[in-house]
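The values are calculated or read from the model by the stated rules, or taken from the named source; none is laboratory data. Keep in mind that this is a model prediction, so the values were computed, not measured. No Cβ is skipped: glycine too gets one built from the backbone with ideal geometry, and neighbour counts run over all protein chains shown.
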Amino acid sequence: MSADAPLWWDDGALFLIDQTALPHEVRIRRCTSWPDVADAILTLQVRGAPALGVAAAYGLALAARQSGGRPDAVREAAWGLRRTRPTAVNLGWALDHLLRVMDARGQGRLEDRMLAAAHALARADVETNRRMGRHGARLLRPGAAVLTYCNTGMLATAGYGTAFGVLRAAHEQGLGIRVVACETRPVLQGARLTAWELRRYGIPCTLITDNAAGALMRAGDIDAVVVGADRIAANGDVANKVGTYTLAVLADAHRIPFYVAAPTSTIDLNTPDGDGIPIEERDPEEVISVRGVRIAPDGVAVRNPAFDVTPHRLVTAIVTEAGVVRAPYPAGLRAAVAADSTAAGGGA
Ligand code: MRU
């Protein structure tokens, strides 16, 4: 197992930490085909926007390898992987990047070129997150109590984390921050994954129920909120784990800065505003049950949107690897995307 990454390639297969088994068991899943990777994505064994992109890239590399480098088989795999989770734009972004590598017809076997491109995406993601962490840490004052949501750590990326990377960088710089982690119903990424990672890196942390956030803000116990994103529209509207919008409204009411940290691969300039972002609806079972235990009466009607949209007016700043973007967002986000394409040859 890799020390600080949720997924890695070894001996012709993609290995990943099965995040559904955490925190009590570190179980490893071995994926040997793209449908294996699609299944791991659908079941949340691998999750978090950047990690979804990297996993999907390795899924395409597996398709290229198993088909002996047949482009039609790779395209079919891209179609299948793209359908798994619609909100995280990083997934489609990574697939499109690998399909461009395929179409560029470079030297060597297609399967080798696809695998090299997947490796490059994974490496670039870690470097991106470290840069983002350094930019974001400057926004936090020493000793700050920072509330975060869902899981945006190394588990949600190829390593280091996005919003979590900001917290991690601040901790590494000795700022003495304390993290308040929301449990994040329905599937408890905060309680199971973020609390596990915070303890792993020795970052002081307190776990709260999602509905305790307002009470803590009112008591003056929160200095800043830092969350991740699954897609950021061109106007700065942010789609993230459902419940993020509630936190943004609360932060606004209590005049607490609300920061979003996301790589430029999460910015979707083709979607003008949050109304155009597809929101994934997941299985009602996630709401009716907690870790396999039924908590609601049989037959109750359920809604289970996995994400919500926070309007840009509630966002104090967006931290990217290219720097900190503030309102007006359209120009700042365009510049961040352009800066990244220039620096990293399209982000990879
Ligand atoms: O449904 P999930 O667990 O994939 O949702 C993850 C989130 O909402 C994260 O905040 C987001 O992907 C940013 S991760 C670095």
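Checked against the criterion of being within 12 Å of the ligand (Cβ to nearest atom), part of a loop (DSSP other than H, G, I, E, B) and of a type in the set (F, W, Y), the stretch 163-173 contains not a single residue that satisfies it.
Here R85 meets each of (1) of a type in the set (D, E, K, R); (2) within 16 Å of the ligand (Cβ to nearest atom); (3) more than 25 Å from the chain's Cα centre (by Cα) with one exception, condition (3).
Determine, yes or no, whether G176 is more than 10 Å from the ligand (Cβ to nearest atom), touching a residue at least 24 places away in the same chain (Cβ under 8 Å), closer than 28 Å to R291 by Cβ and not acidic (D, E). Can you show your working first?
Working: more than 10 Å from the ligand (Cβ to nearest atom): yes; touching a residue at least 24 places away in the same chain (Cβ under 8 Å): yes; closer than 28 Å to R291 by Cβ: no; not acidic (D, E): yes.
Spelling it out, it is not the case that G176 is more than 10 Å from the ligand (Cβ to nearest atom), touching a residue at least 24 places away in the same chain (Cβ under 8 Å), closer than 28 Å to R291 by Cβ and not acidic (D, E).
Taking the criterion of being among the β-branched types (V, I, T) and within 16 Å of Y259 (Cβ to Cβ), the residues of the stretch 195-230 that qualify are I222, V225, V226, V227.
Just to check your reading of the model, which residue among I267, I295 is surrounded by fewer than 13 Cβ atoms within 10 Å (Cβ to Cβ) and closer than 27 Å to L250 by Cβ? Quick ask: steps written out before the conclusion?
Numbers: I267 fails: surrounded by fewer than 13 Cβ atoms within 10 Å (Cβ to Cβ).
Step by step, each of I267, I295 is checked, and only I295 is surrounded by fewer than 13 Cβ atoms within 10 Å (Cβ to Cβ) and closer than 27 Å to L250 by Cβ.
Each row is one residue, and each column tells you yes or no for (1) small (G, A, S); (2) within 26 Å of R192 (Cα to Cα).
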residue	(1), (2)
T206	no, yes
T209	no, yes
T264	no, no
G276	yes, no
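On the given criteria, is A38 within 16 Å of the ligand (Cβ to nearest atom) and in contact (Cβ under 8 Å) with a residue 40 or more places away in the chain?
Taking the combined requirement at face value, the residue satisfies it.
Kindly provide the set of residues from the stretch 103-121 that are in a helix (DSSP H, G or I) and over 30 Å from I279 (Cβ atoms), ordered by number. Hits for the stretch 103-121 are D103, L110, E111, D112, R113, M114, L115, A116, H119, A120.
Tell me whether the stretch 107-118 contains one or more residues that are touching a Cys at 6+ places or on another chain (Cβ under 9 Å) and either of a type outside the set (S, T, N, Q) or surrounded by fewer than 24 Cβ atoms within 10 Å (Cβ to Cβ) (or both). Looking for residues that are touching a Cys at 6+ places or on another chain (Cβ under 9 Å) and either of a type outside the set (S, T, N, Q) or surrounded by fewer than 24 Cβ atoms within 10 Å (Cβ to Cβ) (or both), one finds none in the stretch 107-118, hence no. Scanning the stretch 247-259 for residues that are within 16 Å of the ligand (Cβ to nearest atom) and without any contact (Cβ under 8 Å) to a residue 60 or more places away in the chain turns up just one, F258.
Considering each residue of the stretch 202-224 in turn, none proves to be within 11 Å of the ligand (Cβ to nearest atom), on the phi < 0 side of the Ramachandran plot and surrounded by 19 or more Cβ atoms within 10 Å (Cβ to Cβ). The numbered conditions (1) part of a loop (DSSP other than H, G, I, E, B); (2) away from the ligand (no atom under 15 Å from the Cβ); (3) touching a Ser or Thr at 6+ places or on another chain (Cβ under 6 Å) are all true for R141 except (3).
If you go through the stretch 9-35 and keep only what is away from the ligand (no atom under 16 Å from the Cβ) and without any contact (Cβ under 8 Å) to a residue 12 or more places away in the chain, you end up with D10, D11, H24, E25, R27. Of all the residues in the stretch 312-348, those that are surrounded by fewer than 18 Cβ atoms within 10 Å (Cβ to Cβ), at pLDDT 95 or above and outside any helix (DSSP H, G or I) number 4.
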